[in-house]
Each structure stands twice: as C-alpha cells, then as structure tokens.
1. Which ones in segment A:119-133 are among the charged types (D, E, K, R) and in contact (Cβ under 8 Å) with a residue 40 or more places away in the chain?
2. Which ones in segment A:56-82 are at pLDDT below 90, crowded, with 18+ Cβ neighbours inside 10 Å and within 8 Å of chain B (Cβ to nearest Cβ)?
3. Limited to segment A:257-289, what total is found for residues that are under 25 Å from the mean Cα position of the chain (by Cα) and either more than 12 Å from chain B (Cβ to nearest Cβ) or within 26 Å of B:ASP77 (Cα to Cα) (or both)?
4. Only one of A:LEU90, A:LEU128 is assigned to a strand (DSSP E or B), under 27 Å from B:ILE71 (Cβ atoms), open to solvent by less than 10 Å² (accessible area, probe 1.4 Å) and within 14 Å of chain B (Cβ to nearest Cβ); which?
5. Does segment A:288-308 contain any residue that is over 24 Å from A:GLN173 (Cβ atoms) and in the same structural domain as A:ALA144 (by TED's automatic domain parsing)?
6. I'd like the full set of residues that are within 30 Å of A:SER91 (Cα to Cα), assigned to a loop (DSSP other than H, G, I, E, B) and either within 14 Å of chain B (Cβ to nearest Cβ) or touching a His at 6+ places or on another chain (Cβ under 7 Å) (or both), limited to segment A:290-305.
7. Just checking, does segment A:39-51 include any residue being farther than 30 Å from A:ASP300 by Cβ and of a type in the set (Val, Ile, Thr)?
8. Tell me the strands (runs of 3 or more DSSP E) entirely within segment B:208-289 that contain at least 1 residues that are under 23 Å from A:GLY262 (Cα atoms) and either open to solvent by 60 Å² or more (accessible area, probe 1.4 Å) or not aromatic (Phe, Trp, Tyr) (or both).
There are 2 protein chains.
Amino acid sequence: MSEANDQRRRRVTIVDVAKHAGVSTAAASRVLRNAYGASESMRARVQASMEELDYRPHGPARGMRGRTFTIGVVVSDLENPFFSLITDGLSSLIRPKSYELFVSPGGFEVPPQKSVVEAMIDHHMDGLVLVAPPMSIAELEQIAMSIPLVVVGHHSQSPAFDTVAADDERGAQLVVDHLVGLGHRRIAFVMHADGRGDEARPESHRLHGFERAMSQHGLASDAIVVDSRWSLDGGGDAARQIDALDTPPTAVHAGADIVALGMMNELWAGGKSVPEAYSLVGYDNSSTSSLGPIWLTTVDQSGVEMGKRVGHLLIERIEGRSEARHEVFEPRLVVRGTTTRPA
Amino acid sequence: MSEANDQRRRRVTIVDVAKHAGVSTAAASRVLRNAYGASESMRARVQASMEELDYRPHGPARGMRGRTFTIGVVVSDLENPFFSLITDGLSSLIRPKSYELFVSPGGFEVPPQKSVVEAMIDHHMDGLVLVAPPMSIAELEQIAMSIPLVVVGHHSQSPAFDTVAADDERGAQLVVDHLVGLGHRRIAFVMHADGRGDEARPESHRLHGFERAMSQHGLASDAIVVDSRWSLDGGGDAARQIDALDTPPTAVHAGADIVALGMMNELWAGGKSVPEAYSLVGYDNSSTSSLGPIWLTTVDQSGVEMGKRVGHLLIERIEGRSEARHEVFEPRLVVRGTTTRPA
DNA sequence: TTGAAAGCGCTAACAC
DNA sequence: GTGTTAGCGCTTTCAA
C-alpha cells in the first residue's frame with residue numbers, strides 16, 4: 001500500500017477497470033457497451049474486473065459522447081392514476097435494458113411543459129415520452145427533431161414521431177351503446193373545451209364517437225354537449241350546468257374519471273347522488289373509480305400494456321428506426337354501479 | 001457566408017457564445033453560473049449573446065465538472081397523492097433556481113429503491129430526496145455519503161442527512177382525542193407491520209402516539225392494534241381482521257388514507273358502510289379522502305409546505321451546509337363524515 | 001481483434 | 001477583472 005488512502009473514495013472509472021483487466025480503455029468501453037469488436041475472453045476478463053471493482057459508469061461522461069441511458073417522461077401532474085399505469089408498464093420494459101426512467105411534472109399548459117421538455121433535451125436524454133401533451137402537432141414535430149419521441153394519448157398520424165393511444169371513438173361508442181341499451185335517450189357528454197378544434201386530442205375523438213353513436217341510435221337531437229374542463233373542478237362545473245338545464249339528461253358520459261368524480265362531488269354537496277340523479281360514466285378505469293363507495297362505470301384503457309408498447313417503440317427509435325408507428329389499443333367497458341335504467 | 005450550411009444545426013456551445021460576445025469561454029462560463037468575477041458590462045454582453053444565439057447549456061458537460069442542476073426524487077409509486085403534494089411544493093421552490101426535478105418510482109422494497117438511488121447518483125444529480133424510504137438509517141447514511149440528501153417522512157436524527165416530517169405522534173393523538181371526545185372507548189389502530197421495530201418510521205410514531213393517547217385517556221386496555229400493511233389491500237385485510245374480533249371496536253384509526261379506503265371497500269363489498277359499522281379515520285388528507293361519497297375524517301400534513309421546505313434544505317446542502325437539520329411539521333385534524341358518536 | 005489518442009462542452013486552477 | 005489551459009470519464013476514429 002504505497003498509495004495514500006483518500007479521505008473519500010474516488011469513483012472507479014473505466015480507466016481503473018481497463019488497468020485492472022490489463023486492457024485498453026477502448027476495449028473496456030466496447031465491453032461496457034456490448035459493442036462489436038471484443039473477443040469472448042476479453043469480454044469475460046473485463047466484466048470480471050467491473051464486477052470486482054464495483055464499477056458503475058459515469059452518466060454525464062457517457063452522455064458527452066454517446067447515450068445517457070435515460071428516458072424522460074413528461075406528464076401534466078403526477079397524481080393522475082392513468083399516468084402511473086403508463087410509467088409502470090414503461091419501466092418494466094426499459095429497466096431490464098438498463099435504461100433509467102425520469103418523470104417530470106410539466107403542468108397542464110404549453111409553456112411549462114415545453115420548458116420541461118427542453119430541460120430533458122438539454123440533459124441529453126436518449127428518448128422522450130409525452131403523455132397527453134397540450135402541444136400542437138407542429139410543436140411536437142419540432143421536439144421530435146431533437147429527440148426520439150413517443151406520444152401517448154394523441155391521435156396524430158405525424159411521420160415525425162410515434163403514437164400510442166386507445167381508440168377513443170370506439171370507447172365513447174361503448175359508453176353510448178351501454179346507456180342506450182339500458183333505455184336512456186337523453187344523454188350528455190362533458191367536453192374539455194380547450195381541446196375543441198384540435199383533432200389529434202383524445203377529447204375530440206371521444207366527442208366524435210359520442211356524437212356518431214348517438215346518431216346511429218337515432219338520438220342525434222337528444223345528445224347534449226356540455227363545455228367544461230377535464231378536472232375535478234371542471235366536473236363540478238359540468239354538474240352545475242346540467243342541473244340548470246330545462247330538460248336534463250338521464251345519463252352523462254363525463255369524458256374522464258376525474259370529471260365524473262367532480263360531478264359526484266357536486267351532486268353529493270347538493271344532497272343528490274348517482275345513479276339516482278342520473279346515470280354517470282367515466283373514462284380511464286382509475287383506481288379511485290373502483291372504490292366501493294364510488295363504484296363508477298368507466299372505460300378501461302389497459303395503461304400498463306400501453307406503457308410497455310411505448311417502451312418498445314421508443315427503444316426501436318433510439319436504435320435507429322425513423323418511420324413512424326401509430327398504435328391503437330382497444331378500449332373495454334367496465335360496468336359498475338353508477339349506471340342503471342332511467343326512472 | 002463562407003461556411004457551409006450544416007444539414008442539421010450543430011448545438012450552440014459556450015465557445016460560440018464567447019466568440020459572439022468577444023470574450024473568453026471562462027468569462028462566458030462565469031456569467032452562465034452567476035459566479036464571482038465578471039463585470040456588469042461583460043455580464044450584459046454575454047447574456048445578450050446567449051439570448052441571441054438561443055444558447056442552452058449542455059447538461060452532461062456541466063455534470064462532468066460542476067453541477068448538473070438536477071434534483072432527484074425517489075418515491076415508492078407515483079400514484080400516492082401525498083407524494084405529488086411534496087413534489088409540487090418542491091418544484092415550485094427549485095425551478096426558479098433553475099434546478100430541474102426528476103422523479104423516479106422505486107417500488108416499496110429496499111433493493112429496487114436502492115438501484116434507483118444509485119442510478120441518480122451515477123447520473124450526478126446534485127441532490128436527492130427520498131420520500132418515505134424503506135431503507136434503514138445505516139443505508140440512508142451510506143447514501144448521504146455520496147449525495148446531499150433530504151428524507152421526507154422519516155424520524156431519524158442522523159447527523160448525515162436532513163429530514164422533514166410531520167409530528168406523527170401528535171397526529172395520532174389528535175385522532176384519538178377526537179374519537180374519545182365523540183364518546184368512543186374501544187378503538188383500533190391499523191399498523192403497517194413491516195415497520196415494527198424501526199423507530200424512525202412514521203408508522204412507529206403513529207402507533208406510539210395512538211398508544212400513549214389511549215393511556216392518557218385511561219383506555220389502554222381498550223386499545224386494539226391490528227397488524228396489516230399500509231396499502232389498499234392491507235386495508236381490506238384489516239377490515240376482515242376487525243370483523244372477526246369478539247368485541248369489535250366502535251372506531252378505527254386506519255393509520256393512512258389508503259388503508260381507510262381499502263377498509264371502506266371491504267365493508268362496502270359486505271354490504272356495510274361507514275360510519276354505521278364503525279367510525280373511521282385516515283391520515284394524509286389525500287384528494288380522494290375529500291370526495292363527497294368518501295368524505296373521510298383524516299389528518300392533514302400540509303404536503304406542499306413540506307415540499308417547499310425540502311427544496312430549501314436541499315439547496316442549502318448543495319451549497320455547502322453539512323450540519324443536519326431535522327424539521328417537524330404540525331399536523332391538523334380534518335373532521336369529515338366518517339366519524340360520529342358510537343351507537 | 002486491439003490500442004493510442006483526440007475530443008465531446010464545460011469548469012476550475014492559475015496566470016496576467 | 002479577464003484569459004489560458006488542463007482536464008472531467010467516456011466514446012470513437014484510426015492505425016496497427
């Protein structure tokens with residue numbers, strides 16, 4: 001032990017590994033990256049040294065030249081249960097491939113989300129997942145120029161990035177079919193008004209699905225669309241709007257679980273309840289919707305499966321694919337306690 | 001324009017900025033970091049160049065020498081609403097200081113959480129926040145050797161890292177006082193059994209608070225402790241255990257909102273409800289607890305405020321403080337509909 | 001198949 | 001107050 005003992009251990013670097021294994025740093029790097037051009041014997045020797053020295057690659061240094069092995073996920077808020085299903089599926093797929101997942105809440109507006117996205121690009125993440133982003137297609141294509149991108153819950157067919165979404169038109173149709181099957185005719189849909197006009201957004205697809213299904217049942221004139229926001233507060237607002245209607249609906253498709261919860265809240269505050277006031281359907285099959293006292297009829301989007309698919313597509317893109325993929329998942333109706341025959 | 005136009009724009013680097021402003025890269029770097037040693041005029045000139053060239057620093061390159069300006073947050077799962085309150089408060093404090101927040105779900109077990117923590121260390125995050133970690137104090141101190149660390153919801157007094165927690169003993173006492181005030185005597189507490197023996201964990205403090213408060217009211221022999229897990233399933237399990245008791249309690253402190261929800265679920269499945277079966281209290285004041293049909297009496301931990309405090313402490317640590325701070329927040333009882341006088 | 005060496009963009013000594 | 005320069009730990013030519 002001729003060398004002095006450092007106060008705090010210096011990090012083990014690839015140079016240490018190479019020295020320990022008696023090879024060049026280039027060789028050690030090739031082994032680390034599973035790259036072409038290393039014999040089996042060398043591979044084994046270097047891996048043994050890495051093991052023995054407890055070597056862990058320095059992220060920023062890798063990022064200077066090659067990949068950082070990080071994947072960024074931007075969501076509006078962390079609380080949305082659908083988002084955590086996506087990240088669960090995603091991480092189960094990418095962690096085994098030694099990518100790390102970093103999630104960042106970007107808010108519901110365009111400017112804060114964009115700056116979070118920029119931060120991820122600046123930190124040289126290898127790929128980016130945007131979940132239900134508020135940005136326009138043009139803005140998303142702009143982002144896709146700097147980083148491999150998969151967008152979840154967006155229905156664009158852009159050639160610049162991949163999308164994974166549930167068939168929202170079909171989902172809305174399942175809801176209407178179910179309600180009409182129970183005998184309802186006058187049915188309302190709560191729309192996230194910000195999304196109007198942007199055909200790529202889920203709310204547009206759910207709205208179209210609702211309107212088309214109502215028409216198919218010959219109920220076009222019984223369809224009511226309530227403009228609000230898809231949030232807890234927006235649900236309360238929608239409930240108040242519906243309450244003020246001259247001829248109120250007997251059933252409501254809230255568009256999203258969070259909206260349905262807000263509506264239940266508002267009804268409850270007024271001493272009313274569901275399904276007595278009207279039948280109510282959500283969308284997302286969030287964990288809250290399955291709680292006994294809530295027991296909300298809703299639409300399931302198989303978020304975990306979607307998350308896995310997202311991981312698969314993103315890794316393909318990171319590894320070089322450049323043609324876009326657009327995948328659509330089949331939604332599934334989950335009938336629970338908030339829908340009954342009309343009085 | 002003597003230079004050829006690149007196919008895709010090369011990133012603007014600090015060298016470009018320095019050249020454009022007619023200064024050295026060191027000077028540009030000093031301006032970028034707001035570091036000492038740059039005159040007002042130079043500062044202005046460099047900032048103008050950065051603006052004009054739309055310069056954005058290269059994260060990995062900064063990380064090689066100095067800070068990465070990233071803060072990592074490890075939570076068990078993204079879905080827990082208390083966690084998102086913490087991150088909300090945290091990000092509101094650190095983003096203005098140009099730190100970026102990256103959250104990673106680490107699971108409920110020690111091994112996966114540790115590997116997520118290691119990934120964050122390997123990526124040279126400047127600071128780390130662990131929310132309700134399952135690790136032992138020794139393991140946390142180990143981590144704190146490599147990275148500035150603030151632990152949320154942990155009651156250790158370790159000199160190696162900071163902690164921010166609510167006064168869980170006090171919180172449990174508020175619950176007992178409330179229930180006893182309503183006339184309850186036989187009261188159960190649901191314990192997260194994994195935490196038994198680890199005095200640093202919130203569940204231990206809440207248990208002690210419960211037992212002490214019951215003793216103070218002369219009800220030591222009426223106190224029931226049910227061993228389960230603090231999860232939705234664990235709540236169901238606890239409800240079944242309580243149902244099987246010879247002399248069941250008239251009130252239950254579930255220990256955490258998520259447990260109370262699981263219990264309501266189980267009761268609901270059996271055709272019973274709260275507070276008819278027994279009065280029920282949670283802990284966390286999660287957004288679900290305030291939904292009309294749930295309307296759970298609970299304890300509020302002011303998560304957003306705690307998150308802000310966490311950010312403050314972490315930045316202090318990153319900037320050099322080495323003595324530990326241990327901050328305790330006062331909890332607040334939120335009385336809603338699940339607690340009434342005993343029948 | 002392997003190694004030597006250049007350099008990624010930035011920061012931190014140190015010199016002026 | 002300002003500039004020069006030597007790296008940080010890795011990947012990637014390029015030559016052997």
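1. Initial filter on segment A:119-133 (among the charged types (D, E, K, R)): A:122, A:126.
Selection gives A:ASP126 alone.
2. A:LEU78, A:GLU79, A:PRO81
3. 15
4. Working: A:LEU90 fails: assigned to a strand (DSSP E or B).
That would be A:LEU128, the only listed residue that is assigned to a strand (DSSP E or B), under 27 Å from B:ILE71 (Cβ atoms), open to solvent by less than 10 Å² (accessible area, probe 1.4 Å) and within 14 Å of chain B (Cβ to nearest Cβ).
5. For segment A:288-308, residues over 24 Å from A:GLN173 (Cβ atoms) and in the same structural domain as A:ALA144 (by TED's automatic domain parsing): present.
6. First, the residues of segment A:290-305 that are within 30 Å of A:SER91 (Cα to Cα): A:290-292, A:294-305.
Add one more test, that the residue is assigned to a loop (DSSP other than H, G, I, E, B), and what stays is A:291-292, A:294-296, A:301-302.
Passing the criteria: A:LEU291, A:GLY292, A:ILE294, A:TRP295, A:LEU296.
7. yes
8. Details: elements: B:223-228, B:251-253, B:279-281.
Filter on segment B:208-289 gives B:279-281.
The values are calculated or read from the model by the stated rules, or taken from the named source; none is laboratory data. Quick caveat: nothing in here was measured; it's all calculated off a predicted structure. FYI the Cβ positions are ideal-geometry reconstructions off the backbone, even for glycines, and counts take in every protein chain you see. These area figures cover heavy atoms from the full protein model, side chains too; ligands, DNA and RNA do not enter into them. Shrake-Rupley method; radii C 1.70, N 1.55, O 1.52, S 1.80 Å.
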